[in-house]
Amino acid sequence: RMSALSLGAIRESDLCLFVIDARTGITAGDEFYASKVRRTSKLTLLVANKVEGQTAKSGIYESFALGLGEPIPVSAEHGTGIDKLKEKLLEIVKPFLSENKKNSVVSNDKEIQISIIGRPNSGKSTLVNKIAGNQRLLTGPEAGITRDSISSSINWLGKKFRIFDTAGMRKKSKIINKLEKLSVMDGLRAIRFSEIII
C-alpha cells in the first residue's frame, strides 16, 4: 500500500527529490524507484543525505549508477549542503514561477482549514480520502499509520479547503511513547490553526 502511494505521488509531481542514504549506499529499493522516476520523465534532483564522515563517499559515487544525474551531498541533521540544494531548487523552479505570474489571475480566496481528529484507527484517513476524491493518504486496519498531520487541498462547492488528517489521539495518561507524544502535539497544532474541526 505504501509503495502504491509513493508511485502515485511520483506520477503527480512536477519535481522529485530522490533522497538516498550515502552511508548505506544504493539499495534494491533505490534502484526500483529510480527506474520508476526515470520512466515518468519528470524533473528529478538526486540528494545524497548523511554525508558526514568518510563512509559516505563511496555511497555518493555509487549513486551515479541510478541514472538521475549528479547527486547533491547534504546532511539534513547537521544542515550541511542545504544552501546548495535550495539554490538548485530555485534554479529549476524559477522559470515556472515567472510563467505562473504572467498567466495567473490574482485571487484573494483563502483556504478554509479543516482538522479531522479522533482516536487511533477511527477511519480519519479514509474519510479524508473520500472527501478529497483520491487515495492520497495511506489507510489500513493497523492502528497508528498516520504519525503526523498531513494536509490535502481540495476545491468543493466553489470554495478552497485544506484538510488536515491528524494522528490518532488517546487519553494523556495512556501516552507513554515519545513518538506518540510528538504526533499528538502536531495534531494539537493543526487544530489551533483550523477554522473547522471534525
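Of all residues in region 1-13, those that are within 23 Å of Gly81 (Cβ to Cβ) and either modelled with pLDDT of 90 or more or open to solvent by 60 Å² or more (accessible area, probe 1.4 Å) (or both) total 0.
Could you tell me whether region 159-176 includes any residue that is at pLDDT 80 or above and exposed (fewer than 13 other Cβ atoms within 10 Å of the Cβ)? Looking for residues that are at pLDDT 80 or above and exposed (fewer than 13 other Cβ atoms within 10 Å of the Cβ), one finds at least one in region 159-176, hence yes.
Conditions tested, residue by residue: (1) modelled with pLDDT under 80; (2) outside any loop (DSSP other than H, G, I, E, B); (3) touching a helix residue (DSSP H, G or I) at 6+ places or on another chain (Cβ under 6 Å); (4) open to solvent by less than 50 Å² (accessible area, probe 1.4 Å).
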| site | (1), (2), (3), (4) |
| --- | --- |
| His78 | no, no, no, no |
| Leu85 | no, yes, no, yes |
| Ile92 | no, yes, no, yes |
| Pro95 | yes, yes, no, no |
| Asn100 | yes, yes, no, no |
| Ser107 | yes, no, no, no |
| Gln113 | no, yes, no, yes |
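Every listed requirement among (1) surrounded by 14 or more Cβ atoms within 10 Å (Cβ to Cβ); (2) farther than 30 Å from Asn129 by Cα is met by Ala65 save one, (1). Hey, can you tell me all the residues within region 57-76 that are more than 16 Å from Glu31 (Cβ to Cβ) and not in a helix (DSSP H, G or I)? The answer is Glu70, Ile72, Pro73, Val74, Ser75, Ala76. From the list Ala34, Ala28, Ala56, Ala22, the lone residue that is touching a residue at least 40 places away in the same chain (Cβ under 8 Å) and either more than 21 Å from Pro95 (Cα to Cα) or loosely packed, with under 12 Cβ neighbours inside 10 Å (or both) is Ala22.
Scanning region 37-53 for residues that are modelled with pLDDT under 85 and open to solvent by less than 70 Å² (accessible area, probe 1.4 Å) turns up Thr40, Lys42, Gly53.
The values are calculated or read from the model by the stated rules, or taken from the named source; none is laboratory data. Note that the structure is a prediction, hence the values are computed from the model and not measured. Note that we place each Cβ from the backbone using ideal geometry, even for glycine, and neighbour counts take in every protein chain shown. Just the protein is used for accessible areas: all its heavy atoms, side chains included, with ligands, DNA and RNA removed. Shrake-Rupley method; radii C 1.70, N 1.55, O 1.52, S 1.80 Å.
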